[in-house]
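Written below as structure tokens is the structure these notes are about.
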Amino acid sequence: MRRAMKGRLPDDVLCRDKTPLRSDPFALAAHNRPIPALDSIELREFVRPERIPKHWDGNSQKSERLANLCALWFWLTEDRR
């Protein structure tokens with residue numbers, strides 16, 4: 001990233017120590033929001049829809065898995081939308 005931004009960002013920005021995030025911004029933003037209905041014939045080959053939670057719980061690892069599941073559902077059903 002630093003090499004890609006060389007000449008585009010000031011050197012003091014590129015050379016400074018980076019601070020990791022304290023928490024997952026996606027998980028925080030999604031916390032307690034409803035999860036879209038992801039039931040489809042195509043998706044049933046990979047998961048049991050009844051086990052998909054109804055709301056994001058703020059857990060970073062679960063949020064990443066759910067986001068991947070949403071992407072898979074979107075990809076599998078895009079020709080029907």
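We did not get these values from a lab; they are worked out from the coordinates using the rules stated. Given the structure is predicted, the values throughout are model-derived calculations rather than measurements. As a convention, Cβ positions derive from the backbone with ideal geometry for all residues, glycine included, and neighbour counts pool all protein chains shown.
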The helix 60-77 Cα axis meets the longest alpha-carbon principal axis of the chain at an angle in degrees, between 0 and 90 and rounded to 10, of 60
Rg and Dmax in Å for the chain, alpha carbons only: what are they?
18.4, 53
Straight-line reach from residue 18: which lysines have Cα under 23 Å away, leaving out those fewer than 8 places along the same chain?
6
For the chain, listing chymotrypsin sites (Phe, Trp or Tyr not before Pro) in a DSSP loop whose Cβ sees at most 15 other Cβ atoms within 10 Å gives 46
